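The values are calculated or read from the model by the stated rules, or taken from the named source; none is laboratory data. This is a predicted model, so every value here is computed, not measured. Cβ atoms come from the backbone with ideal geometry, glycine included; neighbour counts cover every protein chain shown. In case anyone asks, the SASA skips ligands and DNA or RNA and just uses the protein heavy atoms, side chains included. Shrake-Rupley method; radii C 1.70, N 1.55, O 1.52, S 1.80 Å.
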Amino acid sequence: LGIQPDRVICSSAVRTHQTAQHVAGELGCPDRIQPEKRLYLCPISTWELAIERFPDEWSTIITIGHNDGLEQLISYLRLQPTHVPPAGLSIVRLEDWQSFSRSMTPASIEVWLPES
């Protein structure tokens, strides 16, 4: 996909941090991982607060977390129920971070599901 993230934000859980290390290693940016304790099994409202606080200079962020919060966020942004299973991937393109809310319309949103 040609993604080069400014940050890889993840829950502080061991498995999500391990996933972040793998993803960041594959993308050549292992020094950009930022674990966040507040993202562990958090609700959608915590994701909203986290996203709107991302600095303007970050243009690409990968987030790795847990359901139900992330799945609910993607469902709200897509305006339809969306199941995002483990290893699912969603790419959300936003105009800016500061005005983020679950009611906004992203520039684009794509969802990839793992092969069974």
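Annotation note: Cβ proximity below 6 Å between a residue of the stretch 17-41 that is of a type in the set (Val, Ile, Thr) and a residue that is buried (at least 16 other Cβ atoms within 10 Å of the Cβ) (sequence gap 6+ or interchain) occurs for Thr19/Ile64; Ile33/Val8; Ile33/Ala20; Ile33/Ala24.
Please report, ordered by residue number, the strands (runs of 3 or more DSSP E) entirely within the stretch 36-116 with at least 1 residues that are among the small types (Gly, Ala, Ser) and open to solvent by 80 Å² or more (accessible area, probe 1.4 Å).
Counting at least 1 such residues, we get no strands (runs of 3 or more DSSP E) at all.
Within the stretch 91-108, residues that are within 14 Å of Glu48 (Cα to Cα) have Cβ atoms under 6 Å from residues that are of a type in the set (Phe, Trp, Tyr) in these pairs: Trp97/Phe54; Arg102/Tyr76, counting only partners at least 6 apart in sequence or on another chain.
Number of residues in the stretch 61-78 that are touching a Cys at 6+ places or on another chain (Cβ under 6 Å) and closer than 19 Å to Arg93 by Cβ equals 1. For Cys10, indicate whether it is open to solvent by less than 90 Å² (accessible area, probe 1.4 Å) and more than 15 Å from the chain's Cα centre (by Cα). Considered against the rule, which asks whether it is open to solvent by less than 90 Å² (accessible area, probe 1.4 Å) and more than 15 Å from the chain's Cα centre (by Cα), Cys10 comes out as no. Going through (1) at pLDDT 95 or above; (2) of a type in the set (D, E, K, R); (3) closer than 23 Å to Ala107 by Cα one by one, Asp31 falls short only on (3). Selection of the stretch 13-35 for residues being part of a helix (DSSP H, G or I), of a type outside the set (S, T, N, Q) and exposed (fewer than 14 other Cβ atoms within 10 Å of the Cβ) yields Val14, Arg15, His22, Gly25, Glu26, Asp31.
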